[in-house]
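Before any comments, here is the structure.
The values are calculated or read from the model by the stated rules, or taken from the named source; none is laboratory data. It should be emphasised that the depicted structure is a prediction, and the values quoted were computed from it without experimental measurement. Virtual Cβ from ideal backbone geometry, glycine too; neighbours counted across all protein chains shown. Surface areas here come from the heavy atoms of the whole protein model, side chains and all, with no ligands, DNA or RNA. Shrake-Rupley method; radii C 1.70, N 1.55, O 1.52, S 1.80 Å.
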Amino acid sequence: MGRRFEELDWQETPIGEVSLRRRLDPALGVDVYEVKLGDEFLMSSVFTVAEEELARLGLAAVTGSELDVLVGGLGLGCTAVAALADERVRSLQVAEALGAVIDWHRRELLPLGHELNSDQRTSFVHRDFFAWAAEPPQQRYHAILLDIDHSPTNVLDTGHAGFYLPSGLRRLAEHLHPDGVFALWSDDPPSEEFSAALAEVFATVRAHVVAFDNPYGGPRGSNTVYVARR
(Lines give C-alpha, C1' and ligand atoms only; values in the text may rest on other atoms or scores of the structure.)
Protein backbone atom coordinates (compact mmCIF):
# COMPACT_ATOMS: atom_id res chain seq x y z
CA MET A 1 0.00 0.00 0.00
CA GLY A 2 1.12 3.52 -0.74
CA ARG A 3 0.31 6.86 0.78
CA ARG A 4 -3.32 7.85 1.36
CA PHE A 5 -3.61 9.79 -1.91
CA GLU A 6 -1.22 10.49 -4.77
CA GLU A 7 -1.64 11.92 -8.26
CA LEU A 8 0.76 9.78 -10.26
CA ASP A 9 0.51 11.72 -13.50
CA TRP A 10 -1.41 14.48 -15.23
CA GLN A 11 -1.27 15.31 -18.93
CA GLU A 12 -3.09 17.53 -21.40
CA THR A 13 -4.48 15.47 -24.28
CA PRO A 14 -6.57 16.15 -27.42
CA ILE A 15 -9.74 15.20 -25.49
CA GLY A 16 -8.91 17.13 -22.31
CA GLU A 17 -6.95 16.79 -19.08
CA VAL A 18 -6.25 13.17 -18.20
CA SER A 19 -4.96 12.20 -14.78
CA LEU A 20 -3.96 9.00 -13.03
CA ARG A 21 -4.27 8.82 -9.28
CA ARG A 22 -3.81 6.26 -6.55
CA ARG A 23 -5.62 6.37 -3.23
CA LEU A 24 -5.74 4.09 -0.25
CA ASP A 25 -9.36 3.06 0.22
CA PRO A 26 -9.96 2.66 3.97
CA ALA A 27 -13.12 0.61 3.45
CA LEU A 28 -11.40 -1.96 1.21
CA GLY A 29 -7.90 -1.71 2.64
CA VAL A 30 -6.29 -1.62 -0.80
CA ASP A 31 -4.76 0.90 -3.18
CA VAL A 32 -7.30 1.98 -5.79
CA TYR A 33 -6.16 3.32 -9.17
CA GLU A 34 -8.42 5.78 -10.96
CA VAL A 35 -8.30 7.57 -14.31
CA LYS A 36 -10.11 10.88 -14.74
CA LEU A 37 -10.89 12.99 -17.78
CA GLY A 38 -11.22 16.46 -16.33
CA ASP A 39 -13.64 15.96 -13.44
CA GLU A 40 -15.19 12.82 -14.92
CA PHE A 41 -14.16 9.36 -13.70
CA LEU A 42 -13.30 7.10 -16.64
CA MET A 43 -12.25 3.95 -14.82
CA SER A 44 -11.41 2.48 -11.45
CA SER A 45 -9.49 -0.62 -10.43
CA VAL A 46 -12.37 -1.47 -8.05
CA PHE A 47 -14.66 -2.37 -10.93
CA THR A 48 -12.89 -4.49 -13.56
CA VAL A 49 -15.03 -7.63 -13.87
CA ALA A 50 -16.77 -6.64 -17.10
CA GLU A 51 -13.53 -5.47 -18.72
CA GLU A 52 -12.05 -8.90 -18.03
CA GLU A 53 -15.21 -10.62 -19.26
CA LEU A 54 -14.92 -8.66 -22.51
CA ALA A 55 -11.78 -10.67 -23.28
CA ARG A 56 -13.09 -13.97 -21.95
CA LEU A 57 -16.44 -13.85 -23.74
CA GLY A 58 -14.98 -12.46 -26.93
CA LEU A 59 -12.23 -15.07 -27.20
CA ALA A 60 -14.56 -17.90 -26.17
CA ALA A 61 -16.44 -17.27 -29.42
CA VAL A 62 -13.28 -17.64 -31.52
CA THR A 63 -12.33 -21.04 -32.89
CA GLY A 64 -8.86 -22.27 -33.69
CA SER A 65 -5.43 -21.43 -32.30
CA GLU A 66 -2.54 -19.07 -33.06
CA LEU A 67 -4.85 -16.09 -32.61
CA ASP A 68 -4.00 -12.51 -33.50
CA VAL A 69 -6.01 -10.17 -31.27
CA LEU A 70 -6.49 -6.42 -31.23
CA VAL A 71 -7.68 -4.57 -28.13
CA GLY A 72 -9.09 -1.09 -28.68
CA GLY A 73 -8.45 0.99 -25.56
CA LEU A 74 -5.68 0.25 -23.06
CA GLY A 75 -7.11 1.77 -19.88
CA LEU A 76 -5.92 -0.01 -16.76
CA GLY A 77 -4.86 -2.99 -18.87
CA CYS A 78 -7.50 -5.41 -17.57
CA THR A 79 -8.87 -6.51 -20.94
CA ALA A 80 -5.39 -6.95 -22.40
CA VAL A 81 -4.14 -9.06 -19.49
CA ALA A 82 -7.30 -11.18 -19.53
CA ALA A 83 -6.77 -11.81 -23.25
CA LEU A 84 -3.19 -12.92 -22.63
CA ALA A 85 -4.51 -15.57 -20.23
CA ASP A 86 -5.84 -17.41 -23.29
CA GLU A 87 -2.93 -19.58 -24.40
CA ARG A 88 -4.20 -19.55 -27.98
CA VAL A 89 -3.29 -15.87 -28.35
CA ARG A 90 -0.22 -15.55 -30.57
CA SER A 91 -0.08 -11.76 -30.71
CA LEU A 92 -1.88 -8.96 -28.89
CA GLN A 93 -1.87 -5.42 -30.21
CA VAL A 94 -3.35 -2.70 -28.01
CA ALA A 95 -4.47 0.44 -29.84
CA GLU A 96 -4.60 3.53 -27.62
CA ALA A 97 -5.16 7.09 -28.79
CA LEU A 98 -3.74 8.70 -25.66
CA GLY A 99 0.03 8.52 -25.45
CA ALA A 100 -0.24 9.30 -21.75
CA VAL A 101 -1.98 5.98 -21.05
CA ILE A 102 0.66 4.00 -22.95
CA ASP A 103 3.33 5.93 -21.04
CA TRP A 104 1.76 4.96 -17.69
CA HIS A 105 2.03 1.28 -18.56
CA ARG A 106 5.52 1.52 -20.01
CA ARG A 107 6.66 3.29 -16.82
CA GLU A 108 4.73 0.67 -14.82
CA LEU A 109 2.80 3.25 -12.84
CA LEU A 110 -0.14 0.83 -13.00
CA PRO A 111 -0.13 -2.63 -11.39
CA LEU A 112 -0.60 -4.50 -14.69
CA GLY A 113 2.12 -2.58 -16.51
CA HIS A 114 4.86 -5.06 -15.71
CA GLU A 115 2.76 -8.04 -16.82
CA LEU A 116 2.01 -6.42 -20.17
CA ASN A 117 5.57 -5.23 -20.73
CA SER A 118 7.09 -8.60 -19.91
CA ASP A 119 4.85 -10.62 -22.26
CA GLN A 120 6.51 -10.69 -25.68
CA ARG A 121 3.14 -11.23 -27.38
CA THR A 122 2.08 -7.69 -26.46
CA SER A 123 2.64 -4.48 -28.39
CA PHE A 124 1.24 -1.00 -27.78
CA VAL A 125 0.20 1.04 -30.81
CA HIS A 126 -0.39 4.78 -30.42
CA ARG A 127 -3.30 5.42 -32.77
CA ASP A 128 -6.93 6.42 -32.94
CA PHE A 129 -8.86 3.14 -33.07
CA PHE A 130 -11.86 4.68 -34.84
CA ALA A 131 -9.80 6.31 -37.58
CA TRP A 132 -7.94 3.02 -38.07
CA ALA A 133 -11.21 1.03 -38.25
CA ALA A 134 -12.41 3.22 -41.13
CA GLU A 135 -9.27 2.55 -43.20
CA PRO A 136 -8.71 -0.41 -45.57
CA PRO A 137 -7.21 -3.35 -43.63
CA GLN A 138 -3.47 -3.88 -43.61
CA GLN A 139 -3.76 -6.91 -41.33
CA ARG A 140 -6.66 -9.12 -40.27
CA TYR A 141 -7.40 -10.30 -36.74
CA HIS A 142 -9.20 -13.25 -35.24
CA ALA A 143 -10.74 -11.02 -32.57
CA ILE A 144 -11.15 -7.30 -31.95
CA LEU A 145 -12.06 -6.34 -28.38
CA LEU A 146 -13.22 -2.74 -27.86
CA ASP A 147 -13.56 -0.73 -24.64
CA ILE A 148 -13.28 3.01 -25.27
CA ASP A 149 -16.65 4.75 -25.20
CA HIS A 150 -19.15 4.43 -22.35
CA SER A 151 -21.65 2.86 -24.75
CA PRO A 152 -22.68 3.04 -28.44
CA THR A 153 -24.84 6.08 -27.62
CA ASN A 154 -22.67 7.65 -24.90
CA VAL A 155 -19.41 8.37 -26.67
CA LEU A 156 -16.33 10.25 -25.49
CA ASP A 157 -16.08 12.07 -28.82
CA THR A 158 -18.94 12.80 -31.20
CA GLY A 159 -16.71 11.69 -34.04
CA HIS A 160 -17.03 8.11 -32.79
CA ALA A 161 -20.80 7.94 -33.31
CA GLY A 162 -20.66 6.76 -36.94
CA PHE A 163 -18.63 3.71 -35.97
CA TYR A 164 -21.66 2.17 -34.23
CA LEU A 165 -23.85 2.38 -37.35
CA PRO A 166 -24.01 -0.53 -39.81
CA SER A 167 -21.75 1.38 -42.23
CA GLY A 168 -19.04 1.81 -39.58
CA LEU A 169 -19.37 -1.76 -38.33
CA ARG A 170 -19.12 -3.04 -41.90
CA ARG A 171 -15.76 -1.28 -42.32
CA LEU A 172 -14.58 -2.73 -39.02
CA ALA A 173 -15.57 -6.25 -40.07
CA GLU A 174 -13.14 -6.02 -42.99
CA HIS A 175 -10.32 -6.07 -40.42
CA LEU A 176 -11.44 -9.52 -39.21
CA HIS A 177 -10.81 -12.96 -40.63
CA PRO A 178 -13.91 -14.52 -42.26
CA ASP A 179 -14.94 -16.19 -38.98
CA GLY A 180 -13.52 -13.46 -36.73
CA VAL A 181 -15.19 -11.97 -33.65
CA PHE A 182 -15.91 -8.41 -32.60
CA ALA A 183 -16.67 -7.86 -28.90
CA LEU A 184 -17.66 -4.57 -27.26
CA TRP A 185 -17.98 -3.40 -23.65
CA SER A 186 -20.85 -1.06 -22.79
CA ASP A 187 -21.84 0.62 -19.56
CA ASP A 188 -25.51 0.62 -20.62
CA PRO A 189 -28.08 -2.22 -20.61
CA PRO A 190 -28.40 -4.22 -23.84
CA SER A 191 -29.67 -2.13 -26.73
CA GLU A 192 -32.01 -3.71 -29.28
CA GLU A 193 -31.11 -0.97 -31.73
CA PHE A 194 -27.37 -1.64 -31.53
CA SER A 195 -27.89 -5.41 -31.64
CA ALA A 196 -29.89 -4.87 -34.83
CA ALA A 197 -27.04 -2.79 -36.29
CA LEU A 198 -24.60 -5.58 -35.50
CA ALA A 199 -26.94 -8.15 -37.04
CA GLU A 200 -26.83 -6.28 -40.35
CA VAL A 201 -23.11 -6.98 -40.54
CA PHE A 202 -22.38 -10.12 -38.50
CA ALA A 203 -23.78 -13.65 -38.78
CA THR A 204 -24.37 -14.10 -35.04
CA VAL A 205 -24.88 -11.50 -32.31
CA ARG A 206 -25.30 -11.92 -28.57
CA ALA A 207 -25.53 -9.35 -25.77
CA HIS A 208 -24.22 -10.69 -22.46
CA VAL A 209 -25.21 -8.97 -19.22
CA VAL A 210 -22.23 -9.12 -16.85
CA ALA A 211 -23.24 -8.61 -13.22
CA PHE A 212 -20.76 -7.84 -10.45
CA ASP A 213 -20.82 -7.17 -6.71
CA ASN A 214 -20.44 -3.71 -5.24
CA PRO A 215 -17.64 -4.00 -2.65
CA TYR A 216 -19.05 -0.94 -0.88
CA GLY A 217 -22.25 -2.79 -0.06
CA GLY A 218 -24.57 -1.17 -2.58
CA PRO A 219 -26.71 -2.95 -5.18
CA ARG A 220 -25.01 -5.19 -7.73
CA GLY A 221 -23.86 -3.47 -10.87
CA SER A 222 -23.95 -4.69 -14.45
CA ASN A 223 -22.43 -3.94 -17.84
CA THR A 224 -23.06 -5.35 -21.29
CA VAL A 225 -20.64 -7.26 -23.52
CA TYR A 226 -21.72 -7.64 -27.14
CA VAL A 227 -20.16 -10.53 -29.05
CA ALA A 228 -20.62 -10.64 -32.82
CA ARG A 229 -19.12 -13.21 -35.18
CA ARG A 230 -18.73 -12.95 -38.95
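Any residue that is among the polar types (S, T, N, Q) and in contact (Cβ under 8 Å) with a residue 40 or more places away in the chain - is there at least one of those in region 11-19? Show your work before the answer.
Initially, region 11-19 is screened for residues among the polar types (S, T, N, Q), giving 11, 13, 19.
Filter once more, so that each one left must be in contact (Cβ under 8 Å) with a residue 40 or more places away in the chain: 11, 13.
Yes, region 11-19 contains at least one residue that is among the polar types (S, T, N, Q) and in contact (Cβ under 8 Å) with a residue 40 or more places away in the chain.
Would you tally the residues in region 142-177 being over 17 Å from Leu98 (Cβ atoms) and either open to solvent by 10 Å² or more (accessible area, probe 1.4 Å) or hydrophobic (A, V, I, L, M, F, W, C) (or both)?
Summing the residues that are over 17 Å from Leu98 (Cβ atoms) and either open to solvent by 10 Å² or more (accessible area, probe 1.4 Å) or hydrophobic (A, V, I, L, M, F, W, C) (or both) in region 142-177 gives 23.
Listed here are the residues, each with its yes/no results for (1) over 25 Å from Asp68 (Cβ atoms); (2) of a type outside the set (A, V, I, L, M); (3) at pLDDT 95 or above; (4) out of contact with any helix residue (DSSP H, G or I) (no Cβ under 9 Å at 6 or more places or on another chain).
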| site | (1), (2), (3), (4) |
| --- | --- |
| Leu165 | yes, no, yes, no |
| Arg171 | no, yes, yes, no |
| Pro178 | no, yes, yes, yes |
| Glu192 | yes, yes, yes, yes |
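Within region 188-217, track down each residue that is touching a Ser or Thr at 6+ places or on another chain (Cβ under 8 Å) and surrounded by fewer than 14 Cβ atoms within 10 Å (Cβ to Cβ).
Residues satisfying the conditions are Pro189, Val209, Ala211.
Right, Val49: among the β-branched types (Val, Ile, Thr) and within 30 Å of Asp179 (Cβ to Cβ) or not?
Numbers: among the β-branched types (Val, Ile, Thr): yes; within 30 Å of Asp179 (Cβ to Cβ): yes.
For Val49, the condition - among the β-branched types (Val, Ile, Thr) and within 30 Å of Asp179 (Cβ to Cβ) - is met.
This table checks each residue for (1) of a type outside the set (D, E, K, R); (2) at pLDDT below 95.
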residue	(1), (2)
Ala61	yes, no
Leu67	yes, no
Asp86	no, no
Ala97	yes, yes
Ala100	yes, yes
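State which residue is surrounded by the fewest Cβ atoms within 10 Å (Cβ to Cβ) when the search covers only region 125-141 and only residues that are out of contact with any strand residue (DSSP E or B) (no Cβ under 7 Å at 6 or more places or on another chain) and not in a loop (DSSP other than H, G, I, E, B).
Among them, the one singled out is Ala131.
Considering only residues that are among the aliphatic types (A, V, I, L, M) and open to solvent by 50 Å² or more (accessible area, probe 1.4 Å), which ones fall in region 96-124?
Residue satisfying the conditions is Ala97 alone.
Residue-wise test of (1) in contact (Cβ under 8 Å) with a residue 40 or more places away in the chain; (2) in a loop (DSSP other than H, G, I, E, B).
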| site | (1), (2) |
| --- | --- |
| Ile144 | yes, no |
| Ser151 | yes, yes |
| Ala161 | no, no |
| Asp179 | yes, no |
| Pro190 | no, yes |
| Phe194 | yes, no |
| His208 | yes, no |
| Ala211 | no, no |
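Taking region 93-115 only, how many residues are in contact with a helix residue (DSSP H, G or I) (Cβ under 6 Å, 6 or more places away or on another chain) and in contact (Cβ under 8 Å) with a residue 24 or more places away in the chain?
Residues that pass the stated criteria total 8.
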